[in-house]
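Below: one structure, written as structure tokens.
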Amino acid sequence: MTETRNPSPAPIHVIGGGLAGSEAAWQIARAGVPVVLHEMRPVRATDAHKTGLCAELVCSNSFRSDDSETNAVGVLHREMRAMDSLIMRCADANQVPAGGALAVDRDGFAASVTLALEKEPLIEIRREEVAGRPPAEWDNVIVATGPLTSPALAEAIGALTSEAELAFYDAIAPIVYRDSIDMEKAWFQSRYDKAGPGGTGADYINCPLDREQYEAFVTALIEGPKTQFKDFEKTPYFDGCLPIEVMAERGRETLRHGPMKPVGLTNPHNPTVKPCAIVQLRQDNALGTLYNMVGFQTKLLYGAQVETFRQIPGLERAEFARLGGLHRNTFLNSPKVLDEKLRLKAEPRLRFAGQITGCEGYVESAGIGLIAGRMAVAERLGRDLPPPPRTSALGALLNHITAGHIETIDAGPRSFQPMNVNFGLFPPLDFTPKSPDGKRLRGPEKAVAKKRALSQRAEADLRAWLAAG
């Protein structure tokens, strides 16, 4: 009698051997499904990479905080370790001293990732460029090509999504935690009380400056230290997205006739006095925990941003979920073009992962690669894999990318920009943490207790999700 064997599943194709692509390929193979990993280096080099190794780190060698109790990226580390992450395994094996952070020997780390992928029998690494739209016969594809996606592939993606939905440069305004804004000085109001789509007429937080405060602020912008573009970035300025300090350099009155214009707004704390200028912050996520500073994209150094923006009344104690920037980065308008399983709505055989989806950071990219890999496997095997809970770090990040971001309240350019994982992306707690003796906490103690509670909830909910799967 002839033995009948189940045929091996058709391979899943992963384009890009960075952190996201490497993690996705690993997750697919460990689930018993063959995978072809396409990496164009070293056949075609990029302006930033130096080797042909997979998961090469081109910037810092730090994976940031490893504190899983009070830091969101530490929570992400913990979740990825629980899901057999190759990136975290190799990071742990190549760790170098860095205090409470997880930093790695960059060469040893990339070599470890590459070796693991090469030794895995279900992974085939092809050193070739996918120059354009993936072939039609590839029915399950993960695109994880990162911020330096090759021009030919970027053009193909742009054709599928429309040019307006694929950005080639970050234009990042700082994002502030809502609960760190002093509402004794700031207030809610839309300009002329106008209620735009999804708005109420009180959709912006407004921070007023008098003449003296405005002049000091403009001086700080002009004189503050700024980052310089790398040679390969050649980032163009365009009027719809000028760095705020460049606007200030064009004339000291420019800002108060631009993003800081004080018209159509009345300060309820001092209604008879007209501010010289007003900074507006717009809700940035569906949870209402994060607000972005409208029109404040900037190249100021991070330390200078914090010092300068805390001069603004109402933001003296502002805590930033993300600081501003402007640099080369290819990424999708993911909330509009991707579904909850990271598939391109216009062509669902294509799934995206890593920085091209609009996440920021090594670990975040790898984390989205991990989820993309598992979702691709589930689809190949005919199984249903619901997204991880939004209360987990992975689920919160995925939700921000695919569903949780508010594009805009009124007419204007899209505001979706790359984001690191942070507790502002997590759904709020349904209780207020208290001290062991039941007393109400204040200040730093309250903030730490809140983070611990969010971390504990994330751990329990992810454990339940993994058990159910």
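The values are calculated or read from the model by the stated rules, or taken from the named source; none is laboratory data. Source: prediction; values computed, not measured. Don't worry about glycine lacking a Cβ; one is built from the backbone with ideal geometry, like all the others, and counts go over all protein chains shown. Just so you know, the surface numbers come from the protein's heavy atoms only, side chains and all, with ligands and any DNA or RNA stripped out. Shrake-Rupley method; radii C 1.70, N 1.55, O 1.52, S 1.80 Å.
Please find, among 294, 306, the residue that is of a type outside the set (Lys, Arg) and out of contact with any strand residue (DSSP E or B) (no Cβ under 6 Å at 6 or more places or on another chain). Even if it seems obvious, please write down each step before you answer.
Values: 294 fails: out of contact with any strand residue (DSSP E or B) (no Cβ under 6 Å at 6 or more places or on another chain).
Going through 294, 306 in turn, the sole match is 306.
Condition test on residue 34, is it open to solvent by less than 50 Å² (accessible area, probe 1.4 Å), over 23 Å from residue 105 (Cβ atoms) and either under 21 Å from the mean Cα position of the chain (by Cα) or modelled with pLDDT under 95 (or both)? Even if it seems obvious, please write down each step before you answer.
On the way: open to solvent by less than 50 Å² (accessible area, probe 1.4 Å): yes; over 23 Å from residue 105 (Cβ atoms): yes; either under 21 Å from the mean Cα position of the chain (by Cα) or modelled with pLDDT under 95 (or both): no.
No, not satisfied.
Of everything in region 300-328 that's under 18 Å from the mean Cα position of the chain (by Cα) and basic (Lys, Arg), which residue is surrounded by the most Cβ atoms within 10 Å (Cβ to Cβ)?
Looking only at region 300-328, we keep the residues that are under 18 Å from the mean Cα position of the chain (by Cα), and these are 302, 319-328.
Okay, now just the ones that are also basic (Lys, Arg), so 322, 328.
On the way: 322: 20, 328: 17.
Among those residues, the one meeting the criterion is 322.
Could you list, in sequence order, the residues of region 99-111 that are outside any strand (DSSP E or B) and open to solvent by less than 40 Å² (accessible area, probe 1.4 Å)? Quick ask: steps written out before the conclusion?
The first filter runs over region 99-111 and keeps only residues outside any strand (DSSP E or B), leaving 99-100, 105-111.
Correct list: 108, 109, 110.
Is it the case, given these coordinates, that residue 192 is modelled with pLDDT under 95 and within 28 Å of the chain's Cα centre (by Cα)? Steps first, please.
Details: modelled with pLDDT under 95: yes; within 28 Å of the chain's Cα centre (by Cα): no.
Judged against the criteria, residue 192 is not a match.
A quick yes/no check of all residues on (1) within 29 Å of residue 102 (Cβ to Cβ); (2) modelled with pLDDT of 85 or more; (3) surrounded by 22 or more Cβ atoms within 10 Å (Cβ to Cβ):
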position	(1), (2), (3)
336	no, yes, no
344	no, yes, no
349	no, yes, no
353	yes, yes, yes
388	yes, yes, yes
391	yes, yes, no
400	yes, yes, yes
406	no, no, no
427	yes, yes, no
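Tell me yes or no: at least one residue of region 285-308 is among the acidic types (Asp, Glu) and closer than 30 Å to residue 90 by Cβ. Spell out the reasoning first.
Start the filter on region 285-308 by keeping residues that are among the acidic types (Asp, Glu), which leaves 307.
Checking which are closer than 30 Å to residue 90 by Cβ leaves us with none.
No, the conditions are met nowhere in region 285-308.
Answer yes or no: is there a residue in region 69-84 that is part of a strand (DSSP E or B), at pLDDT 80 or above and within 19 Å of the chain's Cα centre (by Cα). Quick ask: steps written out before the conclusion?
First, pick out the residues of region 69-84 that are part of a strand (DSSP E or B): none.
Scanning region 69-84, I find no residue that is part of a strand (DSSP E or B), at pLDDT 80 or above and within 19 Å of the chain's Cα centre (by Cα), so the answer is no.
Can you give me the number of residues within region 119-141 that are farther than 17 Å from residue 32 by Cβ and not in a loop (DSSP other than H, G, I, E, B)?
Initial filter on region 119-141 (farther than 17 Å from residue 32 by Cβ): 125-139, 141.
Those left that are additionally not in a loop (DSSP other than H, G, I, E, B): 125-126, 141.
The number of residues fulfilling the criteria is 3.
Do you know which of the residues in region 142-177 that are part of a strand (DSSP E or B), in contact with a Gly (Cβ under 6 Å, 6 or more places away or on another chain) and crowded, with 19+ Cβ neighbours inside 10 Å is modelled with the highest pLDDT?
Keep residues of region 142-177 that are part of a strand (DSSP E or B), which gives 142-143, 166-169, 172, 175-177.
If we keep only those that are in contact with a Gly (Cβ under 6 Å, 6 or more places away or on another chain) as well, we get 166, 172, 177.
Remaining after also requiring crowded, with 19+ Cβ neighbours inside 10 Å: 166, 172.
Working: 166: 60, 172: 72.
Looking at residues that are part of a strand (DSSP E or B), in contact with a Gly (Cβ under 6 Å, 6 or more places away or on another chain) and crowded, with 19+ Cβ neighbours inside 10 Å, I get 172.
For region 344-366, enumerate the residues that are more than 30 Å from residue 310 (Cα to Cα), out of contact with any Asp or Glu (no Cβ under 7 Å at 6 or more places or on another chain) and touching a residue at least 12 places away in the same chain (Cβ under 8 Å). Before the answer, list the steps.
Filtering region 344-366 for residues more than 30 Å from residue 310 (Cα to Cα) gives 344-354, 356-357, 365-366.
Adding the requirement that they be out of contact with any Asp or Glu (no Cβ under 7 Å at 6 or more places or on another chain) leaves 344, 346-348, 350-354, 356-357, 365.
Across region 344-366, the qualifying residues are 344, 346, 347, 350, 351, 352, 353, 354, 356, 357, 365.
Could you figure out which of (1) part of a loop (DSSP other than H, G, I, E, B); (2) of a type in the set (A, V, I, L, M, F, W, C); (3) more than 18 Å from residue 16 (Cα to Cα) isn't true of residue 91?
Failed condition: (1).
Considering each of 449, 376 in turn, give the residue that is farther than 16 Å from residue 358 by Cα, surrounded by fewer than 19 Cβ atoms within 10 Å (Cβ to Cβ) and modelled with pLDDT of 90 or more. Walk me through it before giving the result.
Details: 376 fails: surrounded by fewer than 19 Cβ atoms within 10 Å (Cβ to Cβ).
Result: 449 is the single residue among 449, 376 that is farther than 16 Å from residue 358 by Cα, surrounded by fewer than 19 Cβ atoms within 10 Å (Cβ to Cβ) and modelled with pLDDT of 90 or more.
Test residue 295 against the stated conditions and say whether it is in a loop (DSSP other than H, G, I, E, B) and touching a Lys or Arg at 6+ places or on another chain (Cβ under 7 Å). Break it down stepwise before answering.
Working: in a loop (DSSP other than H, G, I, E, B): yes; touching a Lys or Arg at 6+ places or on another chain (Cβ under 7 Å): no.
Spelling it out, it is not the case that residue 295 is in a loop (DSSP other than H, G, I, E, B) and touching a Lys or Arg at 6+ places or on another chain (Cβ under 7 Å).
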